[in-house]
Amino acid sequence: MRPRLTTLEGLPVGVQWPGYRREHHAPGIVHLGLGAFHKAHQAVYTDDALAATGGDWRVIGVNLRSAAPSEDLTPQTCLYTTIERSAEGTRARVIGSLAAALCLRTRRKPVLEALCSPATRIVSLTVTEKGYGLDRKTGGVDPAHPAIAADLADPGNPRGVAGLLVWALGRRRAAGIAPFTVLCCDNLPSNGALVRSLLADFARRTSPGLADHIETGVAFPSTMVDRITPARNDATLRLAETLTRHADAAAVECEAFRQWVIEDDFPTGRPAWGAGGAIFVTDVGPFEKMKLRMLNGTHSMLAYAGFLAGHRYVRDVMADPAMAALVERHLAAAASTLDELPGIDLRAYGADLLRRFANPHLAHETYQIAMDGSEKMPQRIFAPALDALRRGQSIEPFAFATAAWMRYTVGRTGDGKTYDLRDPLEARLRPPDTAAPTAEGIMARLCGIEGLVPRELTMIDHWRQAVARHLEMLLRPGMAAATSRRGNPS
Ligand code: CS2
């Protein structure tokens with residue numbers, strides 16, 4: 001049996017080890033959402049920053065409900081391997097920036113203490129789009145979201161993101177401790193401002209005195225984060241063991257590419273993330289838009305169309321020439337809804353995305369990306385569709401992506417296999433089992449969900465007709481499998 005990944009001893013020469021003495025650096029960040037993405041992204045930049053300039057910036061990773069990440073990480077002193085995979089090869093690197101891994105549900109006290117500690121200067125977040133409990137219409141909280149409802153009812157005993165952060169900011173203020181900076185790293189537009197308005201609204205409902213403090217006294221820099229990170233599985237752990245000659249229950253695999261664009265607003269300091277290649281700007285907005293529409297929007301389109309066509313992985317979608325043509329068409333359409341970004345060549349960005357999607361070494365499941373569509377479609381597909389309409393550009397690619405998502409919500413493939421949508425609105429999205437779903441019925445149901453498909457869009461005949469046309473085609477028996485051929489109008 002291999003030794004657990006706790007020491008450098010026995011590590012092959014090619015595997016990178018943290019370039020600093022871990023015990024010399026105290027924690028300065030609490031991170032909520034201890035999933036693969038954090039481990040493959042922010043924790044790696046922090047590892048680079050610690051190696052370059054040091055500082056007390058290690059990370060206390062917290063998961064809100066599942067204790068699994070902490071159970072994997074704790075026995076190996078929170079060391080873990082990131083396996084970077086690209087056409088150029090496979091590279092393993094041991095990350096040392098995590099100082100502790102906790103679960104709020106099982107170890108509440110140390111989590112609350114860390115959030116209130118003066119040493120904690122940043123709280124970063126990757127809790128996924130649905131984790132926030134955001135009402136997109138108002139920018140405030142969605143009182144029907146389970147964690148929001150629970151925390152509004154009992155704000156002194158918080159369990160969800162908004163409740164927890166408002167509670168901690170209140171405690172800090174009362175104790176005269178400077179607020180931490182809140183750093184949202186989820187794929188949401190203007191993610192800093194969004195989380196600020198969420199927390200301010202939560203505070204208005206529970207401790208009104210705090211709302212102003214949150215609005216004016218706490219920093220919420222926006223960020224654009226990027227690194228394709230498939231869900232890990234046993235093959236990831238086996239590969240980590242082969243590469244490092246250590247057993248590692250917490251290894252992650254990801255592409256070699258990574259990008260982080262951050263608004264530089266950290267009143268109580270930050271790690272030197274620039275050492276890992278992070279870029280600091282005054283306005284992240286255009287970068288976010290580019291990534292959400294080109295990378296994530298195309299991802300969603302190819303995930304729905306690809307899944308329905310029987311493609312398990314993104315790389316399989318890209319190996320299907322007709323489907324790859326749809327991907328290219330979507331990328332171009334998404335790019336043409338964007339303003340020029342100084343220093344960024346959108347064509348080159350798009351060409352790079354094609355290469356990244358085709359990465360033969362990444363087993364990135366279309367089903368993984370298809371998850372939580374109701375939380376993703378608005379910023380990835382509907383917002384650029386509206387911009388395309390305003391600019392007089394073709395809406396076909398966005399109508400096709402919308403129809404592919406709508407077809408997916410039926411929960412049954414063309415050959416009759418059923419699947420879970422894995423979406424917080426699953427019960428409302430899925431058609432009743434009683435009758436064969438029709439395009440008209442699906443559209444009426446989905447467009448009737450308030451706050452999901454923008455009314456401005458559903459009011460436009462030309463848009464409705466285009467979506468209906470694609471959806472009817474996708475609903476015909478055997479047609480979903482032929483998506484790639486029929487989705488392409490050329
Ligand atoms: C993907 C993203 O699952 C998804 O919805 O589009 O997780 C994507 O892989 C990352 O944003 C890449 O940075």
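Worth pointing out:
- Across segment 66-82, rounded Karplus estimates of 3J(HN,Hα) from the backbone phi angles (6.51 cos²θ - 1.76 cosθ + 1.60, θ = phi - 60°) give 7, 8, 4, x, 5, 5, 6, 7, 4, x, 10, 6, 6, 6, 7, 9, 9 Hz, Gly and Pro being marked x.
- Cα centre as origin, Lys/Arg/Asp/Glu Cβ charges: segment 22-281 dipole, Debye: 520
- The chain: relative contact order as a whole-number percent, Cα under 8 Å and 6+ apart: 14
- Potential lengthening between R390 and F280 on full extension [0.36 nm per residue; Cα-Cα distance subtracted]: 36.5 nm
- The charge dipole of segment 285-482, taken about the Cα centre with unit charges on the Cβ atoms of Lys, Arg (+1) and Asp, Glu (-1), comes to about 120 debye, rounded to the nearest 20.
- Förster radius 41 Å - calculated FRET efficiency between R422 and R21 (Cβ-Cβ, nearest 0.05): 0.45
- Spacing of the two label points (7 Å from each Cα toward its C-beta) at Q465 and T90, in nm: 5.3
- Take every Cα pair under 8 Å whose residues are at least 6 apart in sequence, average their separation, divide by the length of segment 22-281, and the relative contact order is 23 percent.
- Under-5 Å amide H pairs with L134, H placed in peptide plane, nonlocal only: D142
- Dipole check for the chain: with +1 at the C-beta of Lys and Arg, -1 at the C-beta of Asp and Glu, and the Cα centre as origin, the magnitude is about 600 Debye.
- Electrostatic bookkeeping for T223 treats Lys and Arg as +1 and Asp and Glu as -1; over the other residues with beta carbon under 14 Å from its beta carbon, the sum is -1.
- Comparing A150, G416, I29 along the charge dipole axis of the chain, the residue lying farthest to the positive side is G416, per the Cβ-charge model.
- The residue list Q393, L164, A235 was ranked by how far each Cα lies along the charge dipole of the chain toward its positive end, using unit charges on Cβ atoms, and A235 comes out on top.
- With a simple spin-label model that places each label point 7 Å from the Cα along the Cα-to-Cβ direction, the separation between I177 and L354 comes to 5.2 nm.
- With R₀ set to 41 Å, the beta-carbon distance separating E113 from R476 gives a calculated FRET efficiency near 0.10.
- Peptides 218-227, 450-459 ordered by packing proxy, namely the average of other Cβ atoms within 10 Å per residue, highest first: 218-227, 450-459.
- Overall form of segment 285-482 per C-alpha gyration tensor (a/c, 1.5; a/b vs b/c): oblate
- Sequence-distant residues sharing a close amide H with C103 (under 5 Å, placed H): N63
- Segment 104-189, relative contact order [Cα under 8 Å, separation at least 6], %: 38
- Extension gain, D345 back to T216 (0.36 nm per residue minus Cα-Cα distance, nm): 42.9 nm
- Distant-in-sequence amide H partners of D264 (H built 1.01 Å from N, under 5 Å): V281
- Given K39/K291; K109/K137; K137/K291, the pairs whose alpha carbons are separated by over 25 Å: K109/K137
- For segment 22-281, DSSP calls about 30 percent of its internal beta bridges antiparallel.
- Difference of contour (0.36 nm per residue) and Cα-Cα distance, F257 to A149: 35.0 nm
Since every read-out is calculated from the coordinates, none of them should be taken as a lab result. Keep in mind that what you see is a predicted model, and the values were worked out from it rather than measured. Don't worry about glycine lacking a Cβ; one is built from the backbone with ideal geometry, like all the others, and counts go over all protein chains shown.
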